[in-house]
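**Student:** Got a structure here, written out as structure tokens. Questions coming.
The values are calculated or read from the model by the stated rules, or taken from the named source; none is laboratory data. Quantities reported herein were computed from a predicted structural model and do not represent experimental measurements. Glycine gets a Cβ as well: all are built from the backbone with ideal geometry, and neighbour counts include every protein chain shown. Please note that ligands, DNA and RNA were not included when accessible areas were found on the heavy atoms of the full protein model with its side chains. Shrake-Rupley method; radii C 1.70, N 1.55, O 1.52, S 1.80 Å.
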Amino acid sequence: IRTGLGGDQSADTPTDLHSSDLDASSQESPLSTDSGSAAGPPASGDAAADQVGSVMPQGSKRLKESKLSHYGSDQPRLDLVDTEEDLKNTEYYVENDLRKIKPCFFKYQTFAKGRWLGRKERAIKDGRVKINGETVSKDYIIKNSDIVAHDIHRHEPPVANLPIKVVKKDDGVIIIDKPSSIPVHPSGRYRHNTVLHILMKDHGYKDLYPVNRLDRLTSGLMIMALSVERARKFELMMQRCEIKKEYVCKVTGRFPSGTTECHQPIHVASFKLTLNTVHPDGKACSTFFECLRYDLESDTSIVHARPITGRTHQIRVHLQWLGYPITNDPLYHDQEIWGGLNGQGGITEEAEKDAVRKLVERGTMEDEFDFASAASNADFVQMESTPGHSSQPEFCRICDLPSRADPEPEKRIMYLHAWRYQAKDWLFETELPDWAKESMLPGTETTATCTTGKPETTSCATDPAAATLTT
């Protein structure tokens, strides 16, 4: 849930306050905010998105004035959830190499939204939705600053049972290596199976300020500031383009040798789906790519990527436009959605609308794994079929929610890894994932500068005759 006054999440949100307005699949955690728009979901850029100040500090108490809502803002916000107490009541367990959370009751709370003010809401009458902690009559009229609460039985999706490695502790920050499948902060159906809550639960941290963010399926380096002052310093460095970012990814096809520059602008095709495409009216965007290794047998390439800007899904969208999508990208590598060319070279306005329509038809999904699940019809746990017994989904005895199948191993990962972040006085680096290690040959060296706002060419010592292809 968003802890701000007013502001609709989406134009498609129902106009009546039903219980679904406050359930786990439609509301955000009090620790998440938009990337500047109250109408869209929280951004999760693969290039870390570099959206500083997007996550509230953990550990704030109910109705206590918390830390600053944005690292450069002096406007305080209220945090409605006692996160520490919530974590104490959370039961983790491991099953099938997955970190799971025992279903439990959770109280969602939010300030009354603008569309609810001055109205009588029929969902109040059965007592499930309370106003300011009290059960009110069905004739109650919602007012500004009312706190609306709803108790639900929460079923949180599992994530890979992989450790979040603390790579380094340095001058008010911790550097971590985030595994694939784990979202950064509470949002949608995820709350405790998130980087922030796992660090609190397993490592004892309280207030954490993510400097960069990664998609749930993306792995790699994240910088966590331990104070708002330290976070502000990183924010200024990001704005001044003083932090150089390097990623590795695995793409389809033989990627061109030498350096490939992509400067295609990107815009949001759908805020609701967090879908982005190359568009002439989009925001300026630059990424430098270089092929590290090509595998003839699988017809795939390991590619080094240097995003100069930090747009949501920037690396993924640019690779799709170039015709070399990430091999297991569930969103940008799907010909059923993007057509025979899979979005190479861009798509028309009509094709973009059609892609959005197709994705919406797959159902209301919370994240990209759900899109992939819908495509394979693998959403629900099925009972074993026996003669005279039809397969039926299993339902929770408390809330009647159908169970979901455990995600298959290949659905828990995307071949995109945040490898190295570097500034004038420091360099943070993670280990390469297994799928990329073999590509980093001895003698390979990458360099990048961004002091004037224009990137210099990346060079690889193993390919001295590298040429530059500009797109």
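**Student:** In segment 259-280, is there at least one residue being closer than 23 Å to ASP177 by Cβ and in contact (Cβ under 8 Å) with a residue 24 or more places away in the chain?
**Tutor:** No, segment 259-280 contains no residue that is closer than 23 Å to ASP177 by Cβ and in contact (Cβ under 8 Å) with a residue 24 or more places away in the chain.
**Student:** Here is a follow-up. Can you run down the residue pairs with Cβ atoms below 6 Å, 6 or more apart or on separate chains, where the first is in segment 334-362 and within 17 Å of PHE271 (Cα to Cα) and the partner is β-branched (Val, Ile, Thr) and open to solvent by less than 70 Å² (accessible area, probe 1.4 Å)?
**Tutor:** GLU352/THR277; ALA355/ILE337; LYS358/ILE337
**Student:** Just checking, which of GLU85, GLU134 is over 30 Å from GLU235 (Cα atoms), surrounded by fewer than 13 Cβ atoms within 10 Å (Cβ to Cβ) and at pLDDT below 75?
**Tutor:** Of GLU85, GLU134, the one residue that is over 30 Å from GLU235 (Cα atoms), surrounded by fewer than 13 Cβ atoms within 10 Å (Cβ to Cβ) and at pLDDT below 75 is GLU85.
Residue-wise test of (1) modelled with pLDDT of 90 or more; (2) part of a strand (DSSP E or B); (3) in contact with a strand residue (DSSP E or B) (Cβ under 6 Å, 6 or more places away or on another chain); (4) open to solvent by less than 20 Å² (accessible area, probe 1.4 Å).
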position	(1), (2), (3), (4)
SER145	no, no, no, no
VAL148	no, yes, yes, yes
ASP151	no, yes, yes, no
PRO157	yes, no, no, yes
LEU162	yes, no, no, no
LYS168	yes, yes, yes, no
ILE175	yes, yes, yes, yes
SER181	yes, no, yes, yes
HIS185	no, no, yes, yes
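**Student:** Suppose we filter segment 187-205 for residues that are in a loop (DSSP other than H, G, I, E, B), in contact (Cβ under 8 Å) with a residue 12 or more places away in the chain and open to solvent by 10 Å² or more (accessible area, probe 1.4 Å); how many remain?
**Tutor:** Number satisfying all stated conditions: 2.
**Student:** Another one. Residues being open to solvent by less than 10 Å² (accessible area, probe 1.4 Å) and of a type outside the set (S, T, N, Q): count how many of those fall in segment 267-281.
**Tutor:** Result for segment 267-281: 1.
**Student:** A follow-up question, please. Looking only at strands (runs of 3 or more DSSP E) that lie completely in segment 206-277, which have at least 3 residues being farther than 17 Å from ASP170 by Cβ and either modelled with pLDDT under 95 or under 14 Å from the mean Cα position of the chain (by Cα) (or both)?
**Tutor:** Where strands (runs of 3 or more DSSP E) fall fully within segment 206-277, none carries at least 3 residues being farther than 17 Å from ASP170 by Cβ and either modelled with pLDDT under 95 or under 14 Å from the mean Cα position of the chain (by Cα) (or both).
**Student:** Turning to a different aspect of this structure: Of the residues VAL129, VAL148, only one is more than 25 Å from THR309 (Cα to Cα), of a type in the set (A, V, I, L, M, F, W, C) and in contact with a helix residue (DSSP H, G or I) (Cβ under 6 Å, 6 or more places away or on another chain); which?
**Tutor:** Exactly one of VAL129, VAL148 is more than 25 Å from THR309 (Cα to Cα), of a type in the set (A, V, I, L, M, F, W, C) and in contact with a helix residue (DSSP H, G or I) (Cβ under 6 Å, 6 or more places away or on another chain), namely VAL129.
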